[in-house]
1. Which ones in segment 106-127 are open to solvent by 80 Å² or more (accessible area, probe 1.4 Å) and in a loop (DSSP other than H, G, I, E, B)?
2. Does A79 fit the bill of being in a helix (DSSP H, G or I), in contact (Cβ under 8 Å) with a residue 24 or more places away in the chain and in contact with a Phe, Trp or Tyr (Cβ under 7 Å, 6 or more places away or on another chain)?
3. Among V34, V61, V52, which is surrounded by 16 or more Cβ atoms within 10 Å (Cβ to Cβ), modelled with pLDDT of 60 or more and assigned to a loop (DSSP other than H, G, I, E, B)?
4. Pairs only if they're at least six apart or on different chains, beta carbon under 9 angstrom, first in segment 112-123 and more than 15 Å from A98 (Cβ to Cβ), second surrounded by fewer than 15 Cβ atoms within 10 Å (Cβ to Cβ) and not charged (D, E, K, R); list them, first residue then second.
5. Which of the numbered conditions does F94 fail, given that it passes all the others? Conditions: (1) of a type in the set (F, W, Y); (2) closer than 20 Å to E36 by Cβ; (3) open to solvent by 10 Å² or more (accessible area, probe 1.4 Å).
6. Which of the residues belonging to segment 65-79 are open to solvent by less than 50 Å² (accessible area, probe 1.4 Å) and at pLDDT below 90?
7. With respect to A98, is the statement that it is of a type in the set (G, A, S) and closer than 19 Å to M123 by Cα true?
8. Need the failing condition index for F88 against (1) closer than 19 Å to S125 by Cα; (2) modelled with pLDDT of 85 or more; (3) not in a strand (DSSP E or B), just the number.
Amino acid sequence: TRGRSTSSWRGHEIGPPDTGTVQGDCWRCGERMVPETEYTKTADRVTIAYQVVGNGPDLLVNHGWVSNVELMWEVPENARILRRMASFCRVILFDKRAVGLSDSGVGMPALEDKADDARAVSMRSASSTRMSWPNPRAVR
């Protein structure tokens, strides 16, 4: 239909909100196409929000200075890129401390804290043993 924006992913149709489904759900079968958000604690007890989607080699995605692992799926361009990456690897997304769904009010993190956040998500909670870092320009 003209004016309707839908995208297809692995046989599912993710469509506009007027289809009666929750944003990010398949309007044909109702299956949830957005991964569940999980939480982990860092060594200094800060709670970090993360999601895991896809299968294959692990790919840790660390967004820019602002992110929200749930809201990023509502931007069609972001969702398309994440689904494409999830088609060939296991994508691990996370909100850095004081950003998005992770603990706020924890001050400005040092580089070591940022590394601990990534380690807490990838190695401990998402059970990763080997990690790759993406070049965002390569996945368009």
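1. Correct list: M108, S127.
2. Considered against the rule, which asks whether it is in a helix (DSSP H, G or I), in contact (Cβ under 8 Å) with a residue 24 or more places away in the chain and in contact with a Phe, Trp or Tyr (Cβ under 7 Å, 6 or more places away or on another chain), A79 comes out as yes.
3. Going through V34, V61, V52 in turn, the sole match is V34.
4. Close Cβ pairs satisfying both conditions: R119/A43; M123/T129.
5. That leaves (3) as the condition not met.
6. The answer is S67, M72, W73, A79.
7. On the way: of a type in the set (G, A, S): yes; closer than 19 Å to M123 by Cα: no.
Spelling it out, it is not the case that A98 is of a type in the set (G, A, S) and closer than 19 Å to M123 by Cα.
8. Here F88 clears every test but (1).
The values are calculated or read from the model by the stated rules, or taken from the named source; none is laboratory data. On a predicted model such as this, the values are computed, not experimentally measured, just so you know. Quick reminder, even Gly has a Cβ in these numbers, built from the backbone with ideal geometry, and neighbours come from all protein chains shown. Note: accessible area is taken over every heavy atom of the protein model, side chains too, but ligands, DNA and RNA are not part of it. Shrake-Rupley method; radii C 1.70, N 1.55, O 1.52, S 1.80 Å.
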